[in-house]
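See below for the structure under consideration.
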Amino acid sequence: MLLEEVAALFRDCRRIVDGTVGGGGHAARLAAAGARILGLDRDPAAVAAARAALGAAAEVREGDFADAAAAADVRAFRPDGVLLDLGVSSPQLDDPARGFSFRRGTPLDMRMAGAGGGPSAAQWLAAAGERELAEAFRSGGDERRARALARAIVRRRATGPLATSDDLVGAIRAVLGPRSGPDDFARIFQAVRIAVNDELGRLARALPALLEVAEPGAVLAVIAYHSGEDRVVKRTMRDWASACVCPPAQPVCTCRGRPLGALLTRRAVRPSAAEAEANPRARSARLRAFRKLA
Ligand SMILES: C[S@@+](CC[C@H](N)C(=O)[O-])C[C@H]1O[C@@H](n2cnc3c(N)ncnc32)[C@H](O)[C@@H]1O
């Protein structure tokens, strides 16, 4: 997604960490332009796919971008480019066993890192408190009836677990009404996925650590697919680009007092009409980039 726009941002970079290597699409494009690539992905299936697709063009290993900055191989690589293309990949969405989609009869799993990756969506839906559920539906799914849906899930799970996509779709329908449809299911399933994988927490932790590990002058670029994650990226990069981040009412500056670099994208870059037409998933993509002070 946004392949040429990403390639243009990284055109001067020689050592790029692709923190979400997925099927290796971006990595292949960047490697073809002459960069060395260290690719990471939480999902062992994605790592296997990227290795098969990229061969010798990239080094690929299993890993979480939230932990990448502390890893010895990433530090030794001295990246002058870091790419995060957030969220789920098409192969993850298309594999019914992974439980990311609301297709009928799908187990509620949604763990990005597979079976070893902490509680599944079914386990999270069984254990989360009503407030946690409501907050997740609001922040990850922009759901206006988040509290009612959380209440309904708590009531419903008292009679039996929500184990499959049908159970969750039934709970959504019961609250949003019979006219609710695929867009509503997609939003709520996305919210559950974001919560199960702590996607916003991982992103917020990763960004400052990745900026720190990147070389002076490095480019950091992030593609977000949801307003919640794009907000984290936008605020973080704006903060990095500001000379002063003290509260406005504070009379004397006590913060770092200088920007950490400059925004490379004043506004989020969106896919072209042709790309959005060809790939419906691309429509929500927003690319933002930052250059660390040289
Ligand atoms: C949109 S896909 C990336 C597609 C890739 N850019 C390509 O061109 O094929 C997102 C990928 O990020 C991975 N991912 C999500 N969160 C992650 C995290 N915290 N650390 C590492 N990988 C993550 C997912 O497993 C998925 O494979």
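Quick note: the coordinates plus some simple rules give every number you see, no bench work behind them. Note that this is a predicted model, so its numbers are computed, not measured. Heads up, the Cβs are rebuilt from the backbone with ideal geometry, glycines too, and the neighbour counts pull from every protein chain shown.
Remarks
- Helix 165-176 vs. the chain, principal-axis angle (Cα, 0 to 90°, nearest 10): 80
- Given charges at beta-carbon only (K, R positive; D, E negative), |dipole| of the chain in Debye: 840
- Other-chain or far-sequence residues with amide H under 5 Å of ARG111's (modelled H): ALA121
- Per residue, the average separation of C-alpha pairs within less than 8 Å and at least 6 apart gives the range 114-196 a relative contact order of 40 percent.
- Basic side chains Lys and Arg get +1 at the Cβ, acidic Asp and Glu get -1 at the Cβ, and with that the dipole of the range 114-196 about its Cα centre reaches some 280 debye.
- Amide H contacts of ARG14: ASP80, each under 5 Å away and 5 or more positions distant or on a separate chain (H built 1.01 Å from N in the peptide plane; Pro and chain starts excluded).
- Rounded to whole numbers, the Karplus 3J(HN,Hα) couplings from phi for the range 189-195 are 4, 4, 4, 5, 4, 4, 5 Hz, using 6.51 cos²θ - 1.76 cosθ + 1.60 with θ = phi - 60°, and x at Gly and Pro.
- Radius 11 Å from Cβ of ASP41, net charge of other residues (Lys, Arg +1; Asp, Glu -1): -2
- Whole-angstrom gap from the range 46-75 to the range 187-203, using each part's C-alpha centre: 22
- Selection from ALA204, THR254, TRP240, by position along the positive dipole direction of the range 188-283 (Cβ): THR254
- For GLY114, neighbours were defined as the other residues whose beta-carbon sits under 13 Å from its Cβ, and their charges (Lys and Arg +1, Asp and Glu -1) total -3.
- Sum of side-chain charges, PRO79 neighbourhood, beta-carbon under 14 Å (Lys, Arg +1; Asp, Glu -1): 0
- Comparing ALA7, LEU133, ALA163 along the charge dipole axis of the chain, the residue lying farthest to the positive side is LEU133, per the Cβ-charge model.
- For the range 144-161, 3J(HN,Hα) per residue [Karplus equation, 6.51 cos²θ - 1.76 cosθ + 1.60, θ = phi - 60°, Hz, x = Gly/Pro]: 6, 9, 4, 5, 5, 5, 4, 4, 5, 5, 5, 5, 5, 6, 5, 9, x, x
- Helix axis angle, 130-141 relative to the chain longest principal axis, alpha carbon, degrees: 50
- Kirkwood-based shape ratio for the chain, expressed as Rg/Rh from alpha carbons: 0.99
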